[in-house]
Each structure stands twice: as structure tokens, then as C-alpha cells.
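A.B. asks: Structure provided below as C-alpha cells; questions to follow.
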Amino acid sequence: MRQIIDETKVFPLEEAPDKLPKEDLAYFNDLVDRSRKYLESFRWCDRVVEIRVGFFVEELLGVFLLEIETSRVDVDELIWVVMGDLPPAYIGDPEPGACPNAICALSEYVGAMFEWVEAVEKGRSVENLIRVNAAPTKEYAEMLRWRLEHIEENILPDFKELIDQTAVPEEIPKP
């Protein structure tokens, strides 16, 4: 199974030092390492083959596209990972083209995390929601809500056209 990804919206990890300010590289490299370890902690991920960069906000988060080897046919080989000063999460593609770029993945992440926050605030079960690496307490939900609202209000609006992007065609039309 393989997601449909807009390859023009990601770049190879090796290009990061040329694209990012030097003062951001330590945090960036930490996020990359944590993303790799995070996915490799799942039994369905045999190993990470490649990491590409989709989006990065200094001192806050990175969205990476990880290509993995897996022996399971029900697991995508390309998986978005959101990592940073937030709970880590992977964003799969429930249907081809649903998440063609890092901004779509970040938007999906924010929506799924808001569902978790609202369930915690209302005292409902979080069992069937996105996994969060923290206890479902109102205090933690409040801290997470603040970060999610920051992303929703200050980052995502600048990329609305990417969130609205539909699946990229499997073949590029010829003129």
C-alpha cells in the first residue's frame, strides 16, 4: 500500500542544512532522530528507509515523511510523522490522496488531537482516538489545547491552499 504524495512539497533530509538557519539545526536533527525512533518503536515498522522533510517550525514542530519497510500489507510504506513540542503522532492515509502533503498531515494531526482534548475535557473515553503519550488529564488537555490553537490560528491559515489541495493525479497530464 502506498500513499499518493505531492513530491514537490517534500525535500530530502540531506538538503536541510542548506535550507535552515544554523541555529535551528540542533533542534531539527533532534526531531528527525525522535521521528525515526518513534516509528521504529511500532512492531509493524521493520525499519525506516528514508526521511524527507515536509514542514518545520523552529522550536515547535516538524512534519516528516518517513518511508519504511514493513512486512504487513495493511501498513503504508510512506507515513507522515508530526514531532515536536507536542505529543508525537503518525498520520496514515485512510484513502489514497487524503493526505498528499505535510500541511494536510499537520491539519489532520490538529483535528485528531482536538478530538482527544475535547474527550478529556468532557470526561469521555479516549480509547478509540489518536494515541497520546500522556495521561488523559484536564491539565494536560489544557496545555495541548493551547499548542493546537496556536498552530490552528498562527500557522495553518498561511497554508490554506495546501490544506484544500486534493489528491495529486497518479499521472501528470501532458500538454
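A.B. asks: Please compute the length gained on full extension between Glu161 and Arg47, using 0.36 nm multiplied by the number of residues separating them and subtracting their Cα-Cα distance. The partial results should precede the final answer.
C.D. replies: Details: separation 114, 0.36 × 114 = 41.04 nm, distance 3.31 nm.
Length gained, Glu161 through Arg47: 37.7 nm.
A.B. asks: Excluding residues on the same chain fewer than 8 positions from Lys160, give the lysines whose Cα lies under 22 Å from its Cα.
C.D. replies: Lys9
A.B. asks: For the chain, what does the relative contact order come out to in percent, with C-alpha contacts under 8 Å and a separation of six or more?
C.D. replies: Details: 265 pairs, mean separation 37.1, N = 175.
Taking the mean separation of contacting Cα pairs over the length of the chain, I get 21 percent.
A.B. asks: Give me the number: length gained by fully extending Ser71 to Glu59, i.e. 0.36 nm times residue separation minus the C-alpha to C-alpha distance, one decimal in nm. Don't skip to the answer; put the middle values down first.
C.D. replies: On the way: separation 12, 0.36 × 12 = 4.32 nm, distance 3.50 nm.
0.8 nm is the gain from fully extending Ser71 to Glu59.
A.B. asks: What percentages make up the Cα-Cα pair-distance distribution of segment 7-163 when the bins are 5 Å wide from 0?
C.D. replies: Calculated over all Cα pairs of segment 7-163, the distribution is 1, 9, 18, 21, 21, 16, 9, 3, 1, 0 percent.
A.B. asks: Hey, fewest Cβ within 10 Å first, where do Glu139, Glu108, Glu40 land in order?
C.D. replies: Ordered from fewest to most neighbouring Cβ atoms within 10 Å, Glu139, Glu108, Glu40 come out as Glu139, Glu40, Glu108.
A.B. asks: Give the lysines reachable from Lys122 as a straight Cα distance under 22 Å; neighbours fewer than 8 places away on the same chain don't count.
C.D. replies: Straight-line reach from Lys122, under 22 Å: Lys138.
A.B. asks: Using R₀ = 41 Å, calculate the FRET efficiency as 1/(1 + (r/R₀)^6) where r is the Cβ-Cβ separation of Asp30 and Glu121; round to 0.05.
C.D. replies: That pair, Asp30 with Glu121, gives E of 0.85.
A.B. asks: Going through segment 18-54, which chymotrypsin sites (Phe, Trp or Tyr not before Pro) have at most 14 other Cβ atoms within 10 Å and a DSSP loop state? Before the final figure, lay out each step's value.
C.D. replies: Details: sites: Tyr27, Phe28, Tyr38, Phe42, Trp44; in loops: Phe42, Trp44.
Passing both the DSSP loop test and the Cβ count: Phe42, Trp44.
A.B. asks: Using a Gaussian network model on the chain with a 10 Å cutoff between Cα atoms, which of Leu129, Leu144, Leu61 fluctuates the most?
C.D. replies: Ranking Leu129, Leu144, Leu61 by mean-square fluctuation puts Leu129 first.
Values in this text are rule-based calculations from the coordinates and carry no lab data. What you see is a predicted model; the values in this text were computed from it and never measured. All Cβ positions, even for glycine, are placed from backbone atoms using ideal geometry, and neighbour counts span all protein chains on display.
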